[in-house]
1. Give segment 496-516 a look and list any residue that's assigned to a loop (DSSP other than H, G, I, E, B), closer than 19 Å to Leu483 by Cβ and either in contact (Cβ under 8 Å) with a residue 12 or more places away in the chain or touching a helix residue (DSSP H, G or I) at 6+ places or on another chain (Cβ under 7 Å) (or both), or say none.
2. Can you name the residue in segment 99-119 that is in a helix (DSSP H, G or I) and more than 24 Å from the chain's Cα centre (by Cα) and, of all such residues, is surrounded by the most Cβ atoms within 10 Å (Cβ to Cβ)?
3. Kindly indicate the residue of segment 44-86 that is among the hydroxyl-bearing types (Ser, Thr, Tyr) and in contact with a strand residue (DSSP E or B) (Cβ under 6 Å, 6 or more places away or on another chain) and also farthest from Leu386 (Cα to Cα) among those meeting that condition.
4. Does Ala321 satisfy being surrounded by fewer than 23 Cβ atoms within 10 Å (Cβ to Cβ) and at pLDDT below 95?
5. Taking the criterion of being without any contact (Cβ under 8 Å) to a residue 40 or more places away in the chain, surrounded by fewer than 24 Cβ atoms within 10 Å (Cβ to Cβ) and either of a type in the set (Lys, Arg) or not in a loop (DSSP other than H, G, I, E, B) (or both), would at least one residue in segment 379-396 satisfy it?
6. Check Gly165 against each of (1) without any contact (Cβ under 8 Å) to a residue 60 or more places away in the chain; (2) within 25 Å of Asp48 (Cβ to Cβ); (3) in contact with a Leu (Cβ under 9 Å, 6 or more places away or on another chain); (4) surrounded by fewer than 19 Cβ atoms within 10 Å (Cβ to Cβ) and name the one condition it does not meet.
7. Tell me which residues, restricted to segment 359-376, are aliphatic (A, V, I, L, M) and either crowded, with 20+ Cβ neighbours inside 10 Å or in contact with a Lys or Arg (Cβ under 7 Å, 6 or more places away or on another chain) (or both).
8. Take the residues in segment 175-192 that are closer than 19 Å to His332 by Cα and touching a helix residue (DSSP H, G or I) at 6+ places or on another chain (Cβ under 8 Å); name whichever of them is surrounded by the fewest Cβ atoms within 10 Å (Cβ to Cβ).
Amino acid sequence: MRDMHYLCSNLQPLCEPLPPVLIDEDLYFDPKPESSEIAPVPSGKTFDVLHLSDWHLDPRFDIGSEANCTGYLCCRPYSENRDLSTTRRNASLPASRFGSFFCDSPADLALSAFDDMDKLINMDELAFSIFTGDIVSHDPEDTLSQDYVTYEEEITYLVFKKMLGSTPVYAALGNHDTLPVSFNTQHNMNSDPKNSSSNVYQWNYDLVSSLWMEHSWLNDSEASFARTHYGAYATTTAQGLRIISLNSDFWYKANIFNYWNVTNPDQSGILKWLADELSACEKRGQRAWIIAHVLTGFDGTAPLPNPTALFYSIVRRFSPATIAAVFFGHTHQDQFQIFYDYLPSSLQSTEDASRPAALRDTTQVDFSKPLQVSYIGPSITPLTGLNAGYRVYQIDSETFSVINSQTFIANMSNSLSWKKPIWEFEYDTRQAYSEAAVDDSQTQDPESLQWPATSPLNATFWHLVTERMRKSPESPSSSSPSLLDLYNMYESKSSSATTRRGNDNTSPEQKVCFLRAGSGWLGHQCKEHFGTDARGEREKAFGLV
């Protein structure tokens, strides 16, 4: 009954959405000790990490075709603008060799990201890279094949290896890194549940795990684990950080196989494995990163409520002491999302009197207690009206917390005039936001007008930024943008496209709500409660009053 209701409310929004199930946390981890409430103190020494995401290489990109099409996908031989009666023969906006706002990445754009990288960043300081998924172009389903996906994955990881050399790349699978798009089946749906090789998508897990091992990014045992666990794995970097990579299709609404036995928030078993990995890290005092593709909060694609509720519980349990940061991709935008602690009332009594209360109502969040932040990496593809971009982080060498980051972009408005793509510095995160991340109660002290240089860009930092966003949503003067305007500009990678993702006149209250929504249901509530007609009492639930 609930399976069909979730299917109805998510794939075809004809039914009223159901809130997430209560999470039995005892099934996944031990109660949170006091020691896990305190993050380690940064060492003051850093190394750099490159974050690439949403590569979306388009081998079928057609130079000179219609780049301003009315159908999907532009920059193809068949692209047309029906309103203007234009085709490839008389394109209103001819597709540049180097890409366009409503097209995926041509090879010349994708490869150019590495051309001048050594002029923009210190490659000697680059310890490793993370790639948060999506290799394959946004083709219609009937034009994709297993051979096409295989070719895209093989060539992309080969490019990463050739361009980055000995710098390891730790990847996560995106929803476009499979066939059909977004589909993955849980092993317990196999003809032989004990034999992962009977999974219909095993060919893809075999492929990517072999490539990661061939390029020396994973060792034999880690690659073998990825092969039998949906492309998920855990590895320890040379610096001592534990990186845990997840297949996010198991909480993505477009994966049709997630609508079977939906009251189980972990049909694939991947989240129990995540909790076990983090428990092991906690016991040995090792810090960890989580990388995945589809974010667990609201991004316009409504991640499913039950698995993301469990993910939220896991992040809350192991933050801030064990989890140093979380990284996603998928939206093509430069974004962040915050995870908070739960309210005391969120812990529900069980019907079994012999058991302690352990059922968690994950909708009861204390928005005054930030615990963790997820960084959503900008895309290489300009598709959805954005500039191309990537990010570099400065990471504390002992705590592995994010100390700072810079974003670099290629301005697609200039693509028709380029002789080669020009990549440039866009902004420095600490410089852009540190003045906003100051508690108003401290502003009488001149020395506290900047976020402390020794403090990481943690959940508290970003919570204070969102506080300033909601308190001062309007620009203080015509000559300077408001903090929210600044964030919206950087979110698009400073795109000048008038039609683009994120350019939807979202209210300040709703925007802040989205930034504070780390689960699918919390994101749904932002959409439901902060439309143009919804204000007042509902704002209290999200820490906005």
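The values are calculated or read from the model by the stated rules, or taken from the named source; none is laboratory data. Computed from a predicted model, the values in this text were never measured in an experiment. A quick note on method: Cβ atoms are made from the backbone with ideal geometry, for glycine too, and the neighbour counts reach across all protein chains shown.
1. Gly502, Asn503, Ser507, Arg516
2. The first filter runs over segment 99-119 and keeps only residues in a helix (DSSP H, G or I), leaving 107-115, 117-119.
Imposing the further condition that a residue be more than 24 Å from the chain's Cα centre (by Cα) reduces the set to 108, 115, 118-119.
Values: Asp108: 18, Asp115: 14, Asp118: 11, Lys119: 8.
This residue is Asp108.
3. Going residue by residue through segment 44-86, those that are among the hydroxyl-bearing types (Ser, Thr, Tyr) are 46, 53, 65, 70, 72, 78-79, 85-86.
When the remaining residues are screened for being in contact with a strand residue (DSSP E or B) (Cβ under 6 Å, 6 or more places away or on another chain), the result is 46, 70, 79, 86.
Numbers: Thr46: 30, Thr70: 17, Ser79: 19, Thr86: 23 Å.
Once the filter is applied, the top-ranked residue is Thr46.
4. So Ala321 does not fit the description; no.
5. Kept after step one, since they are without any contact (Cβ under 8 Å) to a residue 40 or more places away in the chain, are these residues of segment 379-396: none.
Within segment 379-396, not a single residue is without any contact (Cβ under 8 Å) to a residue 40 or more places away in the chain, surrounded by fewer than 24 Cβ atoms within 10 Å (Cβ to Cβ) and either of a type in the set (Lys, Arg) or not in a loop (DSSP other than H, G, I, E, B) (or both).
6. (3)
7. Step one: of segment 359-376, the residues aliphatic (A, V, I, L, M) are 359, 365, 371, 373, 376.
Once the filter is applied, which keeps residues that are aliphatic (A, V, I, L, M) and either crowded, with 20+ Cβ neighbours inside 10 Å or in contact with a Lys or Arg (Cβ under 7 Å, 6 or more places away or on another chain) (or both), segment 359-376 yields Val365, Leu371, Val373, Ile376.
8. From segment 175-192, those closer than 19 Å to His332 by Cα are 175-178, 181-182; that's our starting set.
From what is left, the residues that are touching a helix residue (DSSP H, G or I) at 6+ places or on another chain (Cβ under 8 Å) are 175, 177-178, 181-182.
Numbers: Asn175: 23, Asp177: 27, Thr178: 25, Val181: 19, Ser182: 21.
Once the filter is applied, the top-ranked residue is Val181.
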